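Participant: Quick one: the structure is below, and I'll ask about it shortly.
The values are calculated or read from the model by the stated rules, or taken from the named source; none is laboratory data. These figures come from a predicted structure and were not determined experimentally. Don't worry about glycine lacking a Cβ; one is built from the backbone with ideal geometry, like all the others, and counts go over all protein chains shown.
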């Protein structure tokens, strides 16, 4: 056929590239959507992404929360409402 450029040529298959990033906590290569975005300039060189994945952040949050609960129970004091959660988030 006249004007048919595909004759005898193979089309290149375009494979979608999934951008990945390594979590510094678990060491796994994960997709970018598995990381939280930050508005802080401190992570600018890291595509504004936290270096720890969302799942590891949940694990770390629970560990810190339990740690603060234990500290308050050893001291024999009862913290005000949401103090433990605020301390755990601040530590993250």
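Participant: Are there any pairs with C-beta distances below 6 angstrom linking a residue in the range 60-85 that is on the phi < 0 side of the Ramachandran plot and surrounded by 14 or more Cβ atoms within 10 Å (Cβ to Cβ) to a residue that is at pLDDT below 90 and in a helix (DSSP H, G or I), with the two at least 6 apart or on different chains, and if so which?
Facilitator: Between residues of the range 60-85 that are on the phi < 0 side of the Ramachandran plot and surrounded by 14 or more Cβ atoms within 10 Å (Cβ to Cβ) and residues that are at pLDDT below 90 and in a helix (DSSP H, G or I), the close pairs are 79/72.
Participant: List pairs: first residue in the range 27-38 and under 10 Å from residue 49 (Cα atoms), second residue loosely packed, with under 12 Cβ neighbours inside 10 Å anywhere in the structure, Cβ distance under 6 angstrom, at least six positions apart or on different chains.
Facilitator: Listed pairs, sorted by first residue: 32/19.
Participant: How about the range 38-68: which of its residues are more than 17 Å from residue 22 (Cα to Cα) and in contact with a helix residue (DSSP H, G or I) (Cβ under 6 Å, 6 or more places away or on another chain)?
Facilitator: Within the range 38-68, 61, 64, 65, 68 qualify.
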